[in-house]
Amino acid sequence: MRVAMIGTGYVGLVSGACFSDFGHSVICVDKDKDKINRLQNGEIPIYEPGLNELVEENVKADRLSFTTDLAAAVPNADAIFIAVGTPSRRGDGFADLSYVYAAAEEIAGLLQDYTIIVTKSTVPVGTGAEVEEIITRERPEFKAGVDFSVASNPEFLREGAAIEDFKRPDRVVAGVEDEKAHDVMRELYRPLFINETPMVITNRVTSELIKYAANAFLATKITFINEMADLCEKVGANVQEVAKGIGLDGRIGGKFLHAGPGYGGSCFPKDTLALVRTAQLHKAPTRIVEAVVEINERRKKAMADRIKNAAGGNLKGKTVAVLGLTFKPNTDDMRDSPSLDIIPALIKDGAEIRGHDPAGMDEARKHFKDTIQYCDGPYHALEGADLAVIITEWDAYRALDLDRLKELLSEPIIVDLRNIYTPDFMAEKGFKYYSIGRP
Ligand SMILES: NC(=O)c1ccc[n+]([C@@H]2O[C@H](COP(=O)([O-])OP(=O)(O)OC[C@H]3O[C@@H](n4cnc5c(N)ncnc54)[C@H](O)[C@@H]3O)[C@@H](O)[C@H]2O)c1
């Protein structure tokens with residue numbers, strides 16, 4: 001099939017590349033000229049393992065191309081995916097749908113034969129209907145379900161494992177309102193049927209809600225174990241063993257039960273908030289998710305106090321080596337990363353920051369500007385530092401040379417917000433070691 005992907009960010013680029021690898025013919029469109037230029041020159045604008053090779057192979061095979069020109073992509077497409085950003089709207093936390101609606105308007109003017117328009121962006125219930133209305137308004141001669149269809153196909157990929165998640169998903173969810181759309185969605189994902197990937201085909205609003213329900217549930221799981229970690233610290237229990245003890249119960253499952261500094265990233269913070277607002281609007285408040293949002297915000301901020309306490313209660317004149325700036329490993333994405341709350345709070349308390357991240361340095365520069373020092377590696381960050389803080393659990397930090405660390409630090413203090421080392425081992429090595437929810 002011929003696919004146009006509108007928006008070539010983390011989701012659009014990965015989805016476009018994977019669809020082309022399935023054998024579809026894909027054009028990825030973006031308004032960002034620089035991004036498209038780089039892609040046309042074989043450069044991948046984001047860090048995502050395996051993406052380089054996948055894009056290169058499919059471009060070579062003539063199945064994948066990039067353009068800023070919507071008119072070159074839309075008229076020939078069988079399916080048009082909208083994969084633009086849906087950030088939090090400033091002030092009220094609702095999803096900002098202006099990019100989605102703008103894309104819908106632009107697409108409408110270019111439609112020719114029957115085409116399916118699919119929202120892959122995470123969008124609140126009712127957005128598909130609104131997109132359909134926009135197209136009917138722009139093209140009164142077009143009838144929904146006959147000349148075009150609007151479907152929902154939320155994306156569940158995780159940055160850092162995005163290709164694997166797209167190609168071997170736990171399930172594909174599609175929300176359709178007519179037979180034609182149903183058939184096209186099945187055809188698009190037919191290559192996954194050999195793996196017997198479950199396909200949940202439902203109506204549009206249900207599909208839209210599934211995405212928010214999934215993210216809110218996962219954010220709740222993380223927040224739950226974070227609160228258990230706080231309790232563990234008070235009573236001398238070990239949160240990792242609590243997580244194991246409950247996670248082995250098949251009804252609970254062990255994933256997303258790692259205590260840490262609070263969830264961040266490009267999805268959970270904005271999606272939980274958007275769900276809360278949608279639910280309030282429809283007078284069916286999601287009290288659990290409201291609590292999750294509030295607890296998580298408070299938690300990220302409280303991490304700076306934890307670090308200050310580890311430094312003896314005062315950070316004035318102290319240098320803190322921060323390892324890991326991105327919201328999770330294997331991505332360069334800094335959106336809503338816990339480091340964005342923690343580092344400014346440390347600076348406010350008088351600390352100097354020496355930061356390192358294996359892939360996020362360029363993105364970090366955009367956020368922290370000249371307020372921190374950027375280091376070439378973890379040991380460089382530790383030079384002359386008074387204490388070290390691990391914010392992101394990159395593999396590169398899991399087996400640091402601890403003797404060297406001890407030599408570099410003025411005091412052997414490590415605050416490990418991801419529990420990647422064990423307290424006993426660190427004590428043996430002579431560190432004052434602070435982690436999350438462990439005695
Ligand atoms: N990042 C993730 O892990 C992830 C996972 C699942 C779902 N999602 C959802 O997918 C959507 C996209 O997220 P992302 O992380 O890829 O965002 P992103 O910011 O990385 O990419 C969005 C891209 O859309 C482009 N764009 C905006 N308006 C456009 C237009 N009218 N025409 C062409 N291009 C346009 C922007 O220039 C940008 O490159 C969001 O709704 C997000 O919630 C993201």
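Here are a few things to note about the model shown:
- Restricting segment 9-27 to residues that are open to solvent by 10 Å² or more (accessible area, probe 1.4 Å) and of a type in the set (A, V, I, L, M, F, W, C), the residue that is nearest to the ligand (Cβ to nearest atom) is Val11.
- Taken together, the residues in segment 190-209 that are among the charged types (D, E, K, R), more than 18 Å from Lys180 (Cα to Cα) and modelled with pLDDT of 95 or more amount to 1.
- Residue in segment 358-372 that is over 26 Å from the mean Cα position of the chain (by Cα), open to solvent by 60 Å² or more (accessible area, probe 1.4 Å) and over 24 Å from Ser266 (Cβ atoms) present: no
- Counted as qualifying within segment 375-439 are the strands (runs of 3 or more DSSP E) with 2 or more residues that are under 27 Å from the mean Cα position of the chain (by Cα) and surrounded by 15 or more Cβ atoms within 10 Å (Cβ to Cβ), namely 387-390, 413-416.
- Among residues that are away from the ligand (no atom under 16 Å from the Cβ), open to solvent by less than 70 Å² (accessible area, probe 1.4 Å), β-branched (Val, Ile, Thr) and over 30 Å from Val26 (Cα atoms), Ile222 is not included.
- For segment 79-109, a residue qualifies if it is open to solvent by 40 Å² or more (accessible area, probe 1.4 Å) and among the charged types (D, E, K, R), and the qualifying residues are Arg89, Arg90, Asp92, Glu105, Glu106.
- Yes/no for Ile134 being under 30 Å from Val289 (Cβ atoms), assigned by TED's automatic domain parsing to the domain that holds Asn37, modelled with pLDDT of 95 or more and out of contact with any Lys or Arg (no Cβ under 6 Å at 6 or more places or on another chain): yes
- Thr206, sole failed condition from (1) without any contact (Cβ under 8 Å) to a residue 24 or more places away in the chain; (2) in a helix (DSSP H, G or I); (3) open to solvent by 40 Å² or more (accessible area, probe 1.4 Å): (1)
- Exclusive hit being within 16 Å of the ligand (Cβ to nearest atom), out of contact with any helix residue (DSSP H, G or I) (no Cβ under 7 Å at 6 or more places or on another chain) and open to solvent by 50 Å² or more (accessible area, probe 1.4 Å), set Phe217, Phe256: Phe217
- Test: residue in segment 228-238 that is within 30 Å of Ala17 (Cβ to Cβ) and not assigned by TED's automatic domain parsing to the domain that holds Gly126: no
- For segment 333-357, the tally of residues that are among the acidic types (Asp, Glu), within 16 Å of the ligand (Cβ to nearest atom) and open to solvent by 50 Å² or more (accessible area, probe 1.4 Å) stands at 1.
- Per this entry, Arg298 is not counted among residues that are farther than 26 Å from Ala385 by Cβ, under 26 Å from the mean Cα position of the chain (by Cα) and not in a helix (DSSP H, G or I).
- Residues being open to solvent by less than 50 Å² (accessible area, probe 1.4 Å), within 20 Å of Ile201 (Cβ to Cβ), touching a helix residue (DSSP H, G or I) at 6+ places or on another chain (Cβ under 7 Å) and among the small types (Gly, Ala, Ser) are represented in segment 110-123 by at least one member.
- Within the option set Gly93, Gly85, being modelled with pLDDT under 95 and under 18 Å from the mean Cα position of the chain (by Cα) holds for one residue only, Gly93.
The values are calculated or read from the model by the stated rules, or taken from the named source; none is laboratory data. Keep in mind that what you see is a predicted model, and the values were worked out from it rather than measured. Using ideal geometry, Cβ is built from the backbone for each residue, glycine included, and neighbour counts are taken over all protein chains shown. The accessibility values were calculated without ligands, DNA or RNA, using every heavy atom of the protein model including side chains. Shrake-Rupley method; radii C 1.70, N 1.55, O 1.52, S 1.80 Å.
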